[in-house]
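Inspection log for the structure reproduced underneath, given as structure tokens.
The values are calculated or read from the model by the stated rules, or taken from the named source; none is laboratory data. Remember, predicted model here, so these are calculated numbers, not experimental data. Cβ coordinates were reconstructed from backbone atoms using ideal geometry, including for glycine residues, and neighbour counts include every protein chain displayed. Please note that ligands, DNA and RNA were not included when accessible areas were found on the heavy atoms of the full protein model with its side chains. Shrake-Rupley method; radii C 1.70, N 1.55, O 1.52, S 1.80 Å.
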Amino acid sequence: MSNIRITKQFSFETGHALYGYDGKCKNVHGHSYKLSVTVIGQPISDTSNVKFGMVIDFGDLKKIVKEEIVDVFDHATVFNKNTPHIELAKELEDRGHNVLLVHYQPTSEMMVIDFAKKIQDRLPQNIHLHSLRLQETDSSYAEWFASDNN
């Protein structure tokens with residue numbers, strides 16, 4: 001049986017600021033992120049399985065990514081909890097804002113590494129994460145490939 005890659009695309013709005021950065025992104029700002037998740041596996045060959053012919057049900061992949069990424073990051077502001085931005089985060093939280101504190105600088109590169117780990121941990125054993133593409137703007141994105149990280 002052939003290995004097949006399938007991709008599901010997601011979008012979410014997230015704010016962030018890059019502590020210590022020497023450009024405009026040191027300021028709190030946001031992006032309309034687009035996330036493409038590609039998994040690889042063999043289509044189910046058991047004709048009695050309701051998912052016969054599928055690598056993974058797109059709905060099952062959607063559930064994983066929504067729960068781990070989209071529902072968590074959408075309309076949240078992300079700060080590195082190991083910086084003085086923790087004070088700004090507390091102020092925003094006290095005022096009712098959705099704030100995420102992460103252990104990394106919230107760049108697209110570091111976010112895509114975080115997302116890969118979270119998604120991999122939830123996939124069925126016979127399905128492997130092939131790649132992620134996190135698009136921050138129309139012309140800028142970060143990619144993660146399993147083949148680069150073995």
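The table that follows gives values for the structure above.
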| quantity | calculated |
| --- | --- |
| Residue, farthest from residue 106 (Cα to Cα), within region 19-29, restricted to residues that are assigned to a loop (DSSP other than H, G, I, E, B) and open to solvent by 50 Å² or more (accessible area, probe 1.4 Å) | 22 |
| Residue among 32, 48 that is of a type in the set (Gly, Ala, Ser), surrounded by fewer than 16 Cβ atoms within 10 Å (Cβ to Cβ), at negative phi and without any contact (Cβ under 8 Å) to a residue 12 or more places away in the chain | 48 |
| Output for region 111-132, where each listed residue is in contact with a strand residue (DSSP E or B) (Cβ under 9 Å, 6 or more places away or on another chain) and within 22 Å of residue 42 (Cα to Cα) | 116, 119, 120, 123, 124, 126, 127, 128, 129, 130, 131, 132 |
| Cross-chain or 6+ apart pairs with Cβ under 7 Å, region 102-123 first and within 12 Å of residue 79 (Cα to Cα), then open to solvent by 50 Å² or more (accessible area, probe 1.4 Å) | 102/81; 103/81; 103/82; 104/110 |
| Matching option when the condition is open to solvent by less than 40 Å² (accessible area, probe 1.4 Å) and in a helix (DSSP H, G or I), among 88, 100, 132, 61 | 61 |
| Subset of region 138-150 [surrounded by fewer than 16 Cβ atoms within 10 Å (Cβ to Cβ) and within 15 Å of the chain's Cα centre (by Cα)] | 143, 145 |
| Some residue of region 7-18 being part of a loop (DSSP other than H, G, I, E, B) and either open to solvent by 50 Å² or more (accessible area, probe 1.4 Å) or basic (Lys, Arg) (or both) | no |
